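Submitted below is the structure of interest, expressed as structure tokens.
Any read-out appearing in this document is the output of simple, stated calculations on the displayed coordinates, not a laboratory observation. None of these values were measured; they are calculated from a predicted model. Positions of Cβ are generated from backbone atoms using ideal geometry, with glycine treated the same way; all protein chains shown enter the neighbour counts.
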Amino acid sequence: MENFNYHNPVHVLFGKGTIAGIGKVIPRGFKVMLTYGGGSIKQNGVHEQVTRALRDHEVVEFGGIEPNPCLETLTLAVERARRENIGFLLAVGGGSVIDGTKYIAAASCFRGADPWDIVAKGARVDAALPLAAVLTLPATGSEMNCNSVITRRATREKLSFSSRHVFPRFSVLDPETTYSLPRHQVANGVIDAFVHVMEQYYTSRHGDEIQDRFSEGILKTLVELGPRLVDEEPEYQSRATFTWAATVALNGLIGCGVPQDWATHHIGHELTAFHGLDHGVTLAIVLPGVMQVTAGSRRGKLLQYAERVWGIDPARPDAAGLAIERTERFFQRLGVKTRLSDHGIGAETIDRVVHRFRERGVYALGGLDDVNVDNARETLATRL
């Protein structure tokens with residue numbers, strides 16, 4: 001077995017043909033578990049590229065990881081990883097596959113009675129199997145961060161965990177792997193990346209112009225690029241820009257030293273847990289509501305966003321409301337329905353979401369007090 005320094009910085013292999021190089025960065029001697037989702041990688045040629053690159057490694061496969069990866073499925077993968085003495089995990093897919101593989105990595109080394117405690121109770125992760133990713137759907141940024149979101153089907157819970165031990169050792173970002181994506185998945189990915197930026201940017205006027213300008217640059221790029229991505233045939237440069245935008249939206253760069261608020265994600269997770277909505281769809285529903293209930297407390301930042309991202313004169317009396325409207329219209333332009341009623345969801349779901357937050361003892365839903373369990377009902381009521 002070759003030496004493998006687990007403390008090396010993460011490598012991003014970016015560009016056409018980079019899948020071919022993964023065999024050189026996974027040490028020989030490790031048995032590799034290849035994880036993936038519903039099998040689209042076998043139809044678009046990515047599976048063939050990966051297996052060819054790993055021809056000198058011993059590989060076992062575990063497919064069927066769902067969108068919003070389920071504990072019940074991942075538990076089977078953990079059992080197999082332990083049984084077969086897996087030494088390295090390679091996730092091939094989008095954020096759900098990568099998130100699920102992060103759980104497999106942590107749970108396989110967990111010494112407690114129930115690995116779900118990592119997610120549900122914040123149990124400490126002291127070790128994890130090394131993992132890497134071949135990204136096929138830009139959206140979550142999971143290929144370059146230590147976060148993971150897991151669903152427990154039996155209890156309709158969707159919860160997250162984070163650990164430095166599950167940061168990918170490397171990630172392959174070949175924009176050509178995105179060419180076969182359905183339109184709605186591309187739209188969801190654009191929205192997910194957009195909202196990731198907003199939750200690190202639309203918080204308060206903290207005075208850090210560099211971080212703000214980084215965020216505004218990503219937002220403006222997504223606004224300009226998004227409609228082309230869903231309307232036009234895949235083209236390398238636009239897909240490359242999209243892929244990198246989604247990665248830097250949540251790789252820690254724009255969040256350094258700034259306030260963050262993840263209320264949109266936390267509320268959106270409950271809509272997925274109760275109704276199975278796509279993650280990106282829930283964010284498109286919730287973010288305009290969050291912006292409405294915080295329009296007063298975050299007025300200065302909202303006006304900055306209006307001017308710099310949408311070109312709206314901040315002196316206009318309706319500038320704040322217009323910025324929120326433009327944001328929602330952007331999501332709709334991508335083909336995503338942005339109201340709860342569009343998805344057959346009524347006030348009873350709002351009651352269930354609020355009850356769940358209270359049951360968990362949650363107050364501030366995402367990091368700042370102005371989106372909390374007391375106004376969560378108002379936030380969602382604006383979205384009916």
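Can you put His196, His265, His165 in order, fewest other beta carbons within 10 Å first?
Values: His196 28, His265 22, His165 19.
Sorted ascending by nearby Cβ count, the order is His165, His265, His196.
Taking K and R as +1 and D and E as -1, what net charge do the other residues with C-beta under 15 Å from the C-beta of Asn68 add up to?
On the way: positive: Lys102, Arg152, Arg153, Arg156, Lys158; negative: Glu66, Glu72, Asp99, Glu157, Asp192, Glu270, Asp278.
Local charge sum for Asn68: -2.
As I understand it, the value is the acute angle between the Cα axis of helix 347-360 and the longest principal axis of the Cα atoms of the chain; what does it come to in degrees, rounded to 10?
Once rounded, one gets 60 degrees.
Listing Glu270, Glu232, Glu84 from the residue with the fewest other Cβ atoms within 10 Å to the one with the most, what is the order? Let's see the in-between values first.
Details: Glu270 24, Glu232 9, Glu84 13.
Neighbour counts put them in this order, fewest first: Glu232, Glu84, Glu270.
Listing Asp99, Asp342 from the residue with the fewest other Cβ atoms within 10 Å to the one with the most, what is the order?
Details: Asp99 26, Asp342 14.
By the 10 Å Cβ count, ascending: Asp342, Asp99.
Going by alpha carbons, how many degrees (0 to 90, nearest 10) lie between the helix axis of 183-201 and the longest principal axis of the chain?
Relative to the chain, helix 183-201 is tipped by roughly 70 degrees.
Which far-off residues, 5 or more places away or on another chain, put their amide H under 5 Å from the one on Phe14, with H placed in the peptide plane?
Leu173
Now, a different point. Count the net charge of all other residues whose Cβ sits under 10 Å from the Cβ of Ser163, scoring Lys and Arg as +1 and Asp and Glu as -1. Can you show the working numbers first?
Values: positive: Lys102, Arg124, Arg164; negative: Asp126.
In short, +2.
I've got another one for you. State whether segment 182-381 is rounded, prolate or oblate according to the following rule on the C-alpha gyration tensor (a ≥ b ≥ c being the square roots of its eigenvalues): a/c under 1.5 gives rounded; otherwise a/b larger than b/c gives prolate, and the remaining case gives oblate.
Numbers: a/c = 1.55, a/b = 1.17, b/c = 1.33.
Oblate is the answer for segment 182-381, as a/c is 1.5 or above yet b/c matches or exceeds a/b.
Let me ask something else. Total Lys pairs in the chain closer than 27 Å by alpha-carbon, pairs eight or more apart in sequence or interchain only?
Counting lysine pairs in the chain gives 17.
Hey, what angle do you get for helix 319-333 against the long axis of the chain, alpha-carbon based, 0 to 90 degrees rounded to 10?
The angle comes out at about 40 degrees.
In whole Å, how far is the Cα centre of segment 209-288 from that of segment 120-146?
With segment 209-288 and segment 120-146 each reduced to a Cα centre, they are spaced 18 Å.
Further question on the same structure: Under the rule of -39500 (n - 2.57) per DSSP H run of 4 or more residues, summed and divided by the residues of the chain, what mean residue ellipticity at 222 nm is obtained, to the nearest 500 deg cm²/dmol? Kindly include the intermediate steps, with their values, before the conclusion.
Values: 15 runs with 177 residues, N = 384.
Value at 222 nm, helices only, nearest 500: -14000 deg cm²/dmol.
Could you work out the per residue convex hull volume over the alpha carbons of segment 11-177, in cubic angstrom? Don't skip to the end; give the middle numbers.
Working: hull volume 16.4 nm³, N = 167.
Residue-normalised Cα hull volume stands at 98 Å³.
(i) 20.5, 67; (ii) 20.8, 72; (iii) 20.6, 64: which one is Rg and Dmax of the Cα atoms in Å as calculated from this entry?
(i)
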